[in-house]
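> Sending over a structure as C-alpha cells; questions will come in a sec.
The values are calculated or read from the model by the stated rules, or taken from the named source; none is laboratory data. Note that this is a predicted model, so its numbers are computed, not measured. FYI the Cβ positions are ideal-geometry reconstructions off the backbone, even for glycines, and counts take in every protein chain you see.
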Amino acid sequence: MSAPRADVAAIVVGGGGGERLGGVSKPDLILGGVRLIDRVCGVLMEACGAGCVAVVPPSVCVPDGVLRTLEDPPSGGPLAGIDAGLRALSVGDDVLVVVVSVDAPGVAAFLPALLEPALGESRDGRIVRGGDPEPFDQYLMGVYRAGALRRNLDEAEASLGSVRGVGVRRVLRALEVERVNVSADVCRDIDTPEDIAWWESFLSN
C-alpha cells in the first residue's frame, strides 16, 4: 500500500437526516459490521495525507485522526457542508480535495480513478460519472483543486447571498472537470432500506 499523498486532503459530507431511512444517522449506519463513517474515512485517510474532515453533527463519533466540523447553522445541505469542510482543512490552493458523501461505501473502488493519472493543468477537478438507470455526474464523488473550489464557493455566496440550501450541481458544474466512468454499483449511495440491503449483500460476497 502506498503512503498517503501530502498533496491530497478529504472532506466527508455527513448527509442529511436520513428521512427515507426512518431518521437514522447515516454516518452511524453499520454495513458489513463497520460504521459508514469509519469505512469511508478509513479509505480516505490511507490516501489523503493533507487531512481529512468529517462534516457531521456532534452526536457522531469520528475516527481517530479525522477533523470534525459542521455548517453553521446546521442542516444547510451538502454544498454548505463542503464550504465548512474546506474552511476547516485550511489547505493551500494547490492541494487536491476529495469530496465524498458519507453514504458512499464504494469509495475504495472509485478513489484510485479520481487520483490517477495526474489531473490536467487546465482542469479544476475530476468527478465520477455513473448511476442507474442512466449515468450522471456525481459531484459528491470527486476531487477538486482547493483554490478552484474555494473561488467557486465564494462566487456562489457573493451572487446568491449564501450557499445554504443551494444545490451542489448548480454551483460545482461551473468548474472545469474531467469525468471518469464507473459502474453503477460502486457509486450507489444509501437512501432507502433497499439500498442498505443491497450493500449488505454486495459486501458479503
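For every residue, the table says whether it meets (1) hydrophobic (A, V, I, L, M, F, W, C); (2) farther than 16 Å from VAL143 by Cα; (3) buried (at least 16 other Cβ atoms within 10 Å of the Cβ).
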site	(1), (2), (3)
VAL24	yes, yes, no
PRO27	no, yes, yes
LEU31	yes, yes, yes
THR69	no, yes, yes
PRO78	no, no, yes
VAL91	yes, no, yes
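> When you scan the stretch 41-64, do you find a residue that is on the phi > 0 side of the Ramachandran plot and either modelled with pLDDT of 95 or more or surrounded by 16 or more Cβ atoms within 10 Å (Cβ to Cβ) (or both), even just one?
yes
> Of the numbered conditions (1) closer than 19 Å to ARG5 by Cα; (2) surrounded by 13 or more Cβ atoms within 10 Å (Cβ to Cβ), ARG173 fails exactly one; give the number of that condition.
Status for ARG173: all satisfied but (1).
> State yes or no: is ALA109 aliphatic (A, V, I, L, M) and free of Cβ contacts under 8 Å to residues at least 12 places away in the same chain?
no
> Turning to a different aspect of this structure: Does the stretch 74-96 contain at least one residue that is more than 16 Å from ASP7 (Cα to Cα), assigned to a loop (DSSP other than H, G, I, E, B), of a type in the set (S, T, N, Q) and out of contact with any helix residue (DSSP H, G or I) (no Cβ under 9 Å at 6 or more places or on another chain)?
yes
> Within the stretch 123-145, how many residues are at pLDDT 95 or above and outside any strand (DSSP E or B)?
Total satisfying the criteria: 2.
> So which of ILE190, ILE196 ends up being under 17 Å from the mean Cα position of the chain (by Cα) and β-branched (Val, Ile, Thr)?
Criteria check complete, one pass: ILE190.
> Now a separate question. Against the condition buried (at least 21 other Cβ atoms within 10 Å of the Cβ), out of contact with any Pro (no Cβ under 9 Å at 6 or more places or on another chain), among the aliphatic types (A, V, I, L, M) and not in a helix (DSSP H, G or I), how does ALA104 come out, does it pass?
yes
> ARG164 is checked against (1) basic (Lys, Arg); (2) exposed (fewer than 15 other Cβ atoms within 10 Å of the Cβ); (3) closer than 20 Å to VAL53 by Cβ and fails just one. What number does that condition carry?
So ARG164 meets the others, but not (2).
> For residues in the stretch 168-187 being of a type outside the set (Lys, Arg) and closer than 30 Å to ALA158 by Cβ, which is nearest to the chain's Cα centre (by Cα)?
Per the criteria, the residue is VAL168.
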